[in-house]
1. Any residue that is assigned by TED's automatic domain parsing to the domain that holds residue 290, surrounded by fewer than 24 Cβ atoms within 10 Å (Cβ to Cβ), of a type in the set (Val, Ile, Thr) and more than 11 Å from the chain's Cα centre (by Cα) - is there at least one of those in the stretch 325-341?
2. Report yes if residue 421 is closer than 27 Å to residue 300 by Cβ, touching a residue at least 40 places away in the same chain (Cβ under 8 Å), part of a loop (DSSP other than H, G, I, E, B) and among the hydrophobic types (A, V, I, L, M, F, W, C), otherwise no.
3. Test of understanding: among 181, 169, 205, which residue is touching a strand residue (DSSP E or B) at 6+ places or on another chain (Cβ under 8 Å), among the acidic types (Asp, Glu), crowded, with 16+ Cβ neighbours inside 10 Å and within 23 Å of residue 283 (Cβ to Cβ)?
4. Could you tell me which of the residues 353, 393 is modelled with pLDDT of 95 or more, crowded, with 24+ Cβ neighbours inside 10 Å and either outside the structural domain of residue 492 (by TED's automatic domain parsing) or in a loop (DSSP other than H, G, I, E, B) (or both)?
5. Can you find a residue that is assigned by TED's automatic domain parsing to the domain that holds residue 167, of a type in the set (Lys, Arg) and either in contact with a strand residue (DSSP E or B) (Cβ under 9 Å, 6 or more places away or on another chain) or buried (at least 18 other Cβ atoms within 10 Å of the Cβ) (or both) anywhere in the stretch 78-87?
6. Kindly indicate the residue of the stretch 96-114 that is of a type in the set (D, E, K, R) and at pLDDT below 95 and also farthest from residue 48 (Cα to Cα) among those meeting that condition.
7. Which numbered condition trips up residue 442, out of (1) part of a helix (DSSP H, G or I); (2) farther than 18 Å from residue 309 by Cα?
8. State all residues of the stretch 383-417 that are β-branched (Val, Ile, Thr), over 17 Å from residue 442 (Cα atoms) and free of Cβ contacts under 8 Å to residues at least 60 places away in the same chain; if no residue qualifies, say none.
Amino acid sequence: MKTKNLCVWFVAGSQHLYGPEALRQVEADSKIVFEGLNVSGLPMTIILKDMATTAEEVTACCRQANNDDNCVGVITWMHTFSPAKMWAAGLKILDKPMLQLHTQLEAELPWANIDMDFMNLHQTAHGGREFGHISARLRKNFSLAVGHWKEERVISRLGAWMRACAGLDESRHLKVARFGDNMRGVAVTDGDKIEALIKMGWTVDAFTSNDLADLMAGVQEDRIADLVNVYEQTYILGEAAKEGYSGRRNLIDAARQEIALRRFLDTGGYTAFTSNFEALSGLNQIPGLAAQRLMADGYGFGAEGDWKTAALTRVIKVMAQNLPGGSSFMEDYTYNLGGPNGDLNLGAHMLEVCPSLANETRPLLDVKPLGIGGKEAPARLIFTCRPGPAIIVGLVDIGNRFRLILNEIEVVTPPKPLPKLPVARAVWKYRPDFETGVAAWILAGGGHHTVLSLSLKAEHIRIFAEEMGIECLVIGEKTDLESFKNELRWNDLYYRGH
């Protein structure tokens, strides 16, 4: 995860009406809040900037934020009343995400000692409304955290916003390498790449599998031997993958693929990639193990040429950095309907599920036939996803816009062993229930490829979508199918006018 030293700025708003003593107090209080937030466990550093008291100061601050590559967002706090006209020019040019922290220094009022000096100084209650008005008038997307700055729910909101800011920053320079086109005849994995560049900043470049094969030919044997040794130390090797057995040559070839693929991506500045089992010229096997290990290191991946899911996987990996759980490319594969175990989805793919999801400490690394693609038996990691609350997220192009669809799920332990399924897998229940979750997903046009995350929650994705300016539909405990259908209709009307 080669991310930058990301930070957000903290700017308090006031005005000169209250005199220099009041401004000094605003400055001192801002420092207290800033220092307190920085030790509250937030995912990135907050930088305290000079107080904004004039239009010129606001505009200068916004320009500086735009030009600072490490700044991914701006937190504003209206400590006193800060007339909104002075914010208008700056907010119009600000192209970084913004969050209004609607808070005050102390949680409780000193009822016995309140005088007009106190009232003039602590004016968040209506200062924040003034700021909200100009943001709404400018049609400025912004997030909001309401409550005392020490409250866990406020800190959680700030943390979710910061992670969304990191995802937005990553999107602005994200590059996807596609090895082959999308799977022939499939609609949902394709889409408008130019619109993705304009709307989300994603560059999607096409290559052939021969480009990767050419690099593989130059990989040194000692590097391959070193990587195979890493495999042996990190995973439990299946019988076929061991020295002297039938699949050993394929394991060595998988190591060659991984080394070449890393070199290709890093040289070109790509942090996400796709493969396609219909386009494997020059390759002896589908690059399954390489895709799994690259995802574990933070790269995005999409199977069958699905560049949207590859980019989304990378964005979610960045947003979830340092959180427990794991995130991976995933596919809804087959169902268990009814019976003593209830309605369940068995998610998997041919090979490419990230081991960050693995319930096992050391996943099994084996070489087994695949039955698709017409190539040799590929190496792959085999494991079961750890149980827990999770989300699946998909991105589709529905013609006039991109749509993010999210379903809250509960990953569960498979009710029975899967001794003959030689791929990584996850079993889950849909929220609020099987019928509603699946029906809503289909009605929304959601695809079979998703990103499964045990690290992030719906709030992270909602904020990201709002900051990105794209549609987001959430399917969860409170989803009612008839209301969801109406939401689809209303959204169509809204986006038709935008």
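1. Checked the stretch 325-341: at least one residue is assigned by TED's automatic domain parsing to the domain that holds residue 290, surrounded by fewer than 24 Cβ atoms within 10 Å (Cβ to Cβ), of a type in the set (Val, Ile, Thr) and more than 11 Å from the chain's Cα centre (by Cα).
2. Against the criterion (closer than 27 Å to residue 300 by Cβ, touching a residue at least 40 places away in the same chain (Cβ under 8 Å), part of a loop (DSSP other than H, G, I, E, B) and among the hydrophobic types (A, V, I, L, M, F, W, C)), residue 421 qualifies.
3. Step by step, each of 181, 169, 205 is checked, and only 181 is touching a strand residue (DSSP E or B) at 6+ places or on another chain (Cβ under 8 Å), among the acidic types (Asp, Glu), crowded, with 16+ Cβ neighbours inside 10 Å and within 23 Å of residue 283 (Cβ to Cβ).
4. 353
5. No: the stretch 78-87 contains no residue that is assigned by TED's automatic domain parsing to the domain that holds residue 167, of a type in the set (Lys, Arg) and either in contact with a strand residue (DSSP E or B) (Cβ under 9 Å, 6 or more places away or on another chain) or buried (at least 18 other Cβ atoms within 10 Å of the Cβ) (or both).
6. 108
7. (2)
8. If the condition is that a residue be β-branched (Val, Ile, Thr), over 17 Å from residue 442 (Cα atoms) and free of Cβ contacts under 8 Å to residues at least 60 places away in the same chain, then 384, 411, 413 are the ones that fit.
The values are calculated or read from the model by the stated rules, or taken from the named source; none is laboratory data. Nothing here was measured: the structure is a model prediction, and the numbers come from that model. Backbone-built Cβ (ideal geometry, glycine too); neighbour counts: all protein chains shown.
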